[in-house]
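The values are calculated or read from the model by the stated rules, or taken from the named source; none is laboratory data. What you are looking at is a predicted structure, and each value in this text was computed from that prediction instead of being measured. In this analysis, Cβ positions are derived from the backbone assuming ideal geometry, glycine residues included, and neighbour counts consider all displayed protein chains.
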2 protein chains.
Amino acid sequence: MTQLTVTPDTAGITDVPGFEAAGVACDIRENHDLKRLDLALLFSLRACTAAGTFTKNAVKAAPVLLCQKHLAHGGPFHGIIANSGNANACTGAEGLRNAQATAQRAAASLNLKPTSFFVCSTGRIGQPLPLPRLLKGLERAVSEKGRTPVHGTRSADAILTSDTRAKTVTVSFTYDGKKHFVSGMAKGAGMIQPNMATMLAFLATDFSVPRSFLQKTLSEAVAGTFNCITVDGDMSTNDTVLVLANGHSGVSVGEKSPRELRVLFAEAVWKACEVLADKIVSDGEKITKVVEVKVDGAASAEDAEKVARAIGNSLLVKSSWYGDDPNWGRLADAAGYAGAKLIESKLDILYNDTPVMTAGKPHAELKSRWKEIVKARRFAITLNLHLGKASFRLLATDLTEAYVNYNKSE
Amino acid sequence: MTQLTVTPDTAGITDVPGFEAAGVACDIRENHDLKRLDLALLFSLRACTAAGTFTKNAVKAAPVLLCQKHLAHGGPFHGIIANSGNANACTGAEGLRNAQATAQRAAASLNLKPTSFFVCSTGRIGQPLPLPRLLKGLERAVSEKGRTPVHGTRSADAILTSDTRAKTVTVSFTYDGKKHFVSGMAKGAGMIQPNMATMLAFLATDFSVPRSFLQKTLSEAVAGTFNCITVDGDMSTNDTVLVLANGHSGVSVGEKSPRELRVLFAEAVWKACEVLADKIVSDGEKITKVVEVKVDGAASAEDAEKVARAIGNSLLVKSSWYGDDPNWGRLADAAGYAGAKLIESKLDILYNDTPVMTAGKPHAELKSRWKEIVKARRFAITLNLHLGKASFRLLATDLTEAYVNYNKSE
């Protein structure tokens, strides 16, 4: 079976044949940081199919509403315009007009239709977009865009907010003698508990993929990756994942393709999402730990998820992780209030492979080993409820004094 | 109509005729703080009816299980034994034996039945109780108990953990020429989002009250007071509210009493709970602000509560309160992900009486006034969803760097 080659920290989107990118500085932030890249353009001259998943927040930013509308329109699609520094959220009708004007300017500059562009924003909520500056920057992006790794890298940098580093990945595999690509870029940091976060992620592939198959593949991957991470439990108004498939390779993948190809493609999309989701958690705002919370043996998938999220979002649990304190009592407490079926006398808890509690009975003699485990930057906690077969895995972070300090004002 | 007299910071339980109390130091904490009061005994020689509400956590501490069993047994009841420093939670069968042994020792010392005593614990989870020391302390409490304010005060001090001050209240009113009392004591601080918190609250009254009426009155009061507060969103394994009615006044109150008396009694119980709940929030671990989150105009009571809790438990919202930052975008974001019906274009938000957003449109010109409001130690946020008539009011706190530091290890 063909193997996937997974390369993190690449140029990202421009690794996929047929895709161009640009990242420019157009002075979007309130602090007028003139050198900071804040507008990304991703572009395919060849028409693409597209799929997307969006925040389930009832308060959706204007660009989310526009993306949903364009996606429903069905394409063909040619690109994504994404700015950082301003979320264009809670900006009412003006916000929607500004998002539309952005798509219109790209379309006019490139002689395409406005509906062929997605528009995404991330940053401060409730401030009007500085549209004239953004549109000026967009024109520069159109003229500067290109296919080199530097172009890709600059686009990945331009969408960052409180992120400390760019997040890119390229997954490739050879099928039928031909090398194919799924590449992506993302930003994360705070307000991260995607259901479908202030996170954005953009993927591109050189396959030709029918719309419905592309959406199904993306939705499944997002459910198992981006939607299984939490930094602070806050779900953003702007969360968006988009994938563009430009067919540059001349090879199609869809429901009727050979099973091997379908599986390879789905795995490549999943892997790209998984690497980017992991990068988002690992670069969460002011975090010092990444903790994998695995819940097994739950009566239902919903119960497994509830328990994992109660633990991953508990302030007391997160504070203890920050302090290298193997405070399993707080784990049991959070599991108990998750609203899932749970019987204390059946509950197993482990730090990595070291038992903490078996069938409700603590192993106090192992305390020194727990302490060693939780000192690491990354470790796992497993709970087995012994009530069924359902599982859930959540990637979570600690909560630090620096997070609170960082977020006490914008 | 008769008025209630509400006096906070009293002796508490011993203000009610017929109730005795004691607070003793019996070395329950791991750090062997020998001078710290850590065991309270509340006692009525006259037989009491009782009612209680308990944590809905699936992981219930042993004393909670014992209280539920004794309450179901039906009484008569004579008292409450409560220790701090050790929650006797996640301690398995040994924990339950220890709680039972505590009730048995009290019963033997006072020539009563074990089922006539409630046993409560608060403190560290997952440590076995130092039972011999506790029982020795209990015998001292039995011999030292008395009716003076000092006895009441010492009992209120003995149940504290990370609280910085004792929490007591006495509500009294005159009915038919006779003065009646509802007094209470509580502890709170961390792991506070009661549904029915590591909170304990004990109330006493000198009315004679039938069990079912007492339970109904207590449950209604708890639902509107203790269950409407949050410090950190963590629901404890030990939360317990108990009320004892000793009939010392010779006056009964129940379903068939005159409406005025029923209403007065229910109001007195509610008021006592409200004052204690407010004290718990105001003394939340390392907090600097108390924020009243009011949600009006929701389509349902559940929706109103979801929105209030999403706001009151959002790390980003709580961090901004700490920073005196009127970050209404985070309020709108949290309201949006609460899982309630919400239409952005109908949403009003106010800081105290100053509008932030009306029908989805922000009033940026009022920013300096918002800033003044959120500088206060206490302020209100009101959201009107304009979708119905349901409301919910939550008392919440900010999240501070000191909270994270305090809880990073036990």
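Taking the stated definitions as given, is B:GLY329 surrounded by 22 or more Cβ atoms within 10 Å (Cβ to Cβ) and outside any strand (DSSP E or B)? Yes: the conditions hold for B:GLY329. Within the option set B:ASN238, B:ASN227, being surrounded by 22 or more Cβ atoms within 10 Å (Cβ to Cβ), within 23 Å of B:ALA390 (Cβ to Cβ), under 13 Å from the mean Cα position of the chain (by Cα) and within 14 Å of another protein chain (Cβ to nearest Cβ) holds for one residue only, B:ASN227.
In the range A:358-372, of all residues being under 13 Å from A:ALA332 (Cβ atoms) and small (Gly, Ala, Ser), the one that is surrounded by the fewest Cβ atoms within 10 Å (Cβ to Cβ) corresponds to A:ALA359.
Looking across the range B:373-384, just one residue is of a type in the set (Val, Ile, Thr) and either within 14 Å of chain A (Cβ to nearest Cβ) or surrounded by fewer than 16 Cβ atoms within 10 Å (Cβ to Cβ) (or both), and that is B:VAL374. When you look at A:LEU387, is it surrounded by fewer than 24 Cβ atoms within 10 Å (Cβ to Cβ), away from every other protein chain (no Cβ under 12 Å) and over 22 Å from A:SER282 (Cβ atoms), yes or no? No. Filtered by the rule that a residue be within 30 Å of A:SER409 (Cβ to Cβ) and crowded, with 20+ Cβ neighbours inside 10 Å, the range A:156-181 gives A:ALA156, A:ASP157, A:ALA158, A:ILE159, A:LEU160, A:THR161, A:ASP163, A:ALA166, A:LYS167. I'd like to check something: does the range A:357-377 contain any residue that is within 24 Å of B:ASN407 (Cβ to Cβ), within 22 Å of the chain's Cα centre (by Cα) and assigned by TED's automatic domain parsing to the domain that holds A:ASP333? There is at least one residue in the range A:357-377 that is within 24 Å of B:ASN407 (Cβ to Cβ), within 22 Å of the chain's Cα centre (by Cα) and assigned by TED's automatic domain parsing to the domain that holds A:ASP333. A residue that is away from chain B (no Cβ under 14 Å), over 22 Å from the mean Cα position of the chain (by Cα), not β-branched (Val, Ile, Thr) and not in a loop (DSSP other than H, G, I, E, B) occurs somewhere in the range A:56-73.
Of all residues in the range A:114-147, those satisfying the criterion of being of a type in the set (A, V, I, L, M) and either farther than 19 Å from A:LEU65 by Cα or not in a loop (DSSP other than H, G, I, E, B) (or both) are A:VAL119, A:LEU131, A:LEU134, A:LEU135, A:LEU138, A:ALA141, A:VAL142. None of B:ALA40, B:ALA89 is at pLDDT below 90 and closer than 26 Å to B:ARG140 by Cα except B:ALA89. Of the residues screened, A:LEU261 is one that is outside the structural domain of A:LEU383 (by TED's automatic domain parsing) and surrounded by fewer than 24 Cβ atoms within 10 Å (Cβ to Cβ). Checking each residue in the range B:347-357 for being surrounded by fewer than 24 Cβ atoms within 10 Å (Cβ to Cβ) and within 11 Å of another protein chain (Cβ to nearest Cβ) picks out B:ILE349, B:MET357. The residue list B:ALA108, B:ALA103, B:ALA141 contains one member that is in contact with a Gly (Cβ under 8 Å, 6 or more places away or on another chain) and either farther than 30 Å from A:SER320 by Cα or modelled with pLDDT of 95 or more (or both), which is B:ALA141. Residue count for the range A:390-403, restricted to those that are of a type in the set (A, V, I, L, M, F, W, C), facing another protein chain (nearest Cβ under 9 Å) and buried (at least 24 other Cβ atoms within 10 Å of the Cβ): 1. Could we say that A:PHE77 is aromatic (Phe, Trp, Tyr), modelled with pLDDT under 95 and under 30 Å from B:VAL356 (Cα atoms) here? Judged against the criteria, A:PHE77 is not a match.
For the range B:309-326, a residue qualifies if it is in a helix (DSSP H, G or I) and more than 7 Å from chain A (Cβ to nearest Cβ), and the qualifying residues are B:ARG309, B:ALA310, B:ILE311, B:GLY312, B:VAL317, B:LYS318, B:TRP321. Answer with yes or no whether B:GLY339 is away from every other protein chain (no Cβ under 14 Å) and in a loop (DSSP other than H, G, I, E, B). Answer is no for this residue. Among the residues making up the range B:342-383, those that are part of a helix (DSSP H, G or I) and farther than 22 Å from B:SER300 by Cβ are B:ALA364, B:GLU365, B:LEU366, B:LYS367, B:SER368, B:ARG369, B:TRP370, B:LYS371, B:GLU372, B:ILE373, B:VAL374.
With respect to the conditions (1) buried (at least 18 other Cβ atoms within 10 Å of the Cβ); (2) touching a helix residue (DSSP H, G or I) at 6+ places or on another chain (Cβ under 6 Å), B:GLU255 lacks only one, and its number is (1).
Against the conditions (1) more than 8 Å from chain B (Cβ to nearest Cβ); (2) on the phi < 0 side of the Ramachandran plot; (3) touching a Gly at 6+ places or on another chain (Cβ under 9 Å), A:GLY297 satisfies every one except (2). Of the residues making up the range A:100-126, those that are in contact with an Asp or Glu (Cβ under 8 Å, 6 or more places away or on another chain) and surrounded by fewer than 22 Cβ atoms within 10 Å (Cβ to Cβ) are A:ARG105, A:SER109, A:ARG124.
In this structure, is A:LEU34 within 27 Å of A:ASP176 (Cα to Cα) and over 22 Å from the mean Cα position of the chain (by Cα)? It is false that A:LEU34 is within 27 Å of A:ASP176 (Cα to Cα) and over 22 Å from the mean Cα position of the chain (by Cα). Evaluated against (1) assigned by TED's automatic domain parsing to the domain that holds A:LYS167; (2) farther than 22 Å from A:GLY224 by Cβ, A:VAL275 falls short on exactly one condition, (2). Note on the range B:285-308: among residues that are part of a helix (DSSP H, G or I), surrounded by fewer than 23 Cβ atoms within 10 Å (Cβ to Cβ) and touching a strand residue (DSSP E or B) at 6+ places or on another chain (Cβ under 7 Å), the one that is modelled with the highest pLDDT is B:ASP303.
Of the candidates A:GLY250, A:GLY254, A:GLY323, the single residue that is under 30 Å from B:ALA87 (Cα atoms) and not charged (D, E, K, R) is A:GLY323. If you check A:VAL150, A:VAL169, A:VAL222 for being at pLDDT 80 or above, in a strand (DSSP E or B) and hydrophobic (A, V, I, L, M, F, W, C), only one passes: A:VAL169.
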